[in-house]
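Here's a structure for you.
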Amino acid sequence: MSCPESQDSCCTPACRTKTAYFLGALVVILLGVGITALLKSYTETGASAARDARAKERAKAQAELRQVTALELNNAAVLDKAKGIHRIPVSAAMELTLKEYQTDAAASRTAFVARVEKFTAPPPKAPEKPSAFE
């Protein structure tokens, strides 16, 4: 199925067909590689810009969140006036807790559990609407 060695050029139809198929396959493969490289370069530039923009947004949101969190941790505020719940700085809360535990640990634990239950108590159930058929 190969060309005879005595001929300098391949002139039989079978040899020309094989050569044409080989060249055709080579062209298709090279086109595929070229198109893939082009698409990759186009998508990388767009994706890079989008990633950079999103990274800036995330950094800004993180900075804002850290600022708000730092203010909440270090400043006192009234959370629920009706329930008598106030927010105090962490350092002050630790000092108060230590003082309470030094005087009476069992009473301190009981008071702490009562405060937690008071703060996490579910709101009262909303009244049901009367039926339209009553």
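Can you work out which of the residues in the range 86-134 that are touching a strand residue (DSSP E or B) at 6+ places or on another chain (Cβ under 8 Å) and closer than 18 Å to residue 73 by Cβ is surrounded by the most Cβ atoms within 10 Å (Cβ to Cβ)?
Once the filter is applied, the top-ranked residue is 87.
Let me ask another. Check residue 78 against each of (1) surrounded by 10 or more Cβ atoms within 10 Å (Cβ to Cβ); (2) touching a strand residue (DSSP E or B) at 6+ places or on another chain (Cβ under 6 Å) and name the one condition it does not meet.
(1)
Just give me the residues in the range 69-117 being in contact with a Ser or Thr (Cβ under 8 Å, 6 or more places away or on another chain) and acidic (Asp, Glu), in sequence order.
100
Looking at residue 27 and the list (1) under 30 Å from residue 124 (Cα atoms); (2) at pLDDT 95 or above; (3) not aromatic (Phe, Trp, Tyr), which single condition is not satisfied?
It is condition (1) that residue 27 fails.
Oh, and also: Out of the range 85-118, which residues are touching a Lys or Arg at 6+ places or on another chain (Cβ under 9 Å) and either in contact (Cβ under 8 Å) with a residue 24 or more places away in the chain or assigned to a strand (DSSP E or B) (or both)?
Hits for the range 85-118 are 85, 118.
A follow-up question, please. Answer yes or no as to whether residue 78 is over 25 Å from the mean Cα position of the chain (by Cα) and assigned to a helix (DSSP H, G or I).
In short, no.
The values are calculated or read from the model by the stated rules, or taken from the named source; none is laboratory data. This one's a predicted model, so the numbers in the text were calculated from it and none came from an experiment. Quick reminder, even Gly has a Cβ in these numbers, built from the backbone with ideal geometry, and neighbours come from all protein chains shown.
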